[in-house]
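As structure tokens, the structure follows; a few thoughts come after it.
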Amino acid sequence: MVKIAITCGWRSVKEQFYILILLFIYRLFWGYFLYRFVRSAVVPVLLRYPDADAGGSMLGRLLYYIEGQHALSADPDVRRWLLLLLILSLLRLLVSPFIRAGLLHELHQERKGERGLFFFPGMKRYGLPVFVFSLAEWLLAALPLYWLLPGMYSRLLSGILDTRLLLNLVPYLLAWLLYLYAIRLILLYLQFSYTGGTGLFTALPALLRVLPKAVAVSFVLGTGSFLMLLFSAICGLFFPGLPALVLRQLSPLPTTLFKMWGIASQYHLWRSKTFP
């Protein structure tokens, strides 16, 4: 069943190849902005970090963090860059549910045997309902941070003076990421059912029947996406210059491909239990 779902998901991605190109261009522009932000705002700050080999001490690092905290509240350039980053990040969060709505509508139309460009009509028809699902996801994702952040914050402050202490944050992050994966998977199946017109109450029974297979699909395609990112990073390390630049510009393509592939494969698992 896992192999069948992944194969059917790949066929759906090929049917919706134009969406892949649109999302690639969208992520390309976003990556360009992040590059400009890192080059103009982050790199100059990192260059001022005290070098341990050049006599940098614990006191120097502490002064560096104090200076950075002061810049966040007093330097207008830093605040302007952070405000711009916040606005564009919020804009991307607002756009993402509408993109998913268009993709889900395409999948439903494919199931019905229809052919055509249903992405933008799907954004218009289901954009707001999917946005409500996304709001629920963001709220549920942030809920555990109320209990996790106090312990993480104290360990983060300790890690300023001794970076090895940052390893104590790993269990907190792993627990939160596992919880986040479960929330996203549940809400994704709820969105399948809502946009498919089968009712929200059919989503959880369908997910429970395919849960091991759904986790396996996520693992397989997630591993594939990670390997592609690792390959891009290794090539950039050993082949700097123009090859690294080209690979960096193309890197959103495989990650977008695997993300679409994952949603389409999960859709076919849901479909196998909803429309047998």
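A few remarks follow.
- Spin-label model distance (nm) - Thr7 vs Arg184, 7 Å beyond Cα toward Cβ: 2.7
- Candidate cross-link partners of Lys213 among the lysines, defined by an alpha-carbon separation under 16 Å and a same-chain spacing of 8 or more, comprise Lys3, Lys273.
Just so you know, all these numbers are worked out from the coordinates, no wet-lab data involved. Predicted, not measured: the structure shown is a model, and the values here were computed from it. Neighbour counts are summed over all protein chains in view; Cβ atoms, including those assigned to glycine, are modelled from backbone coordinates with ideal geometry.
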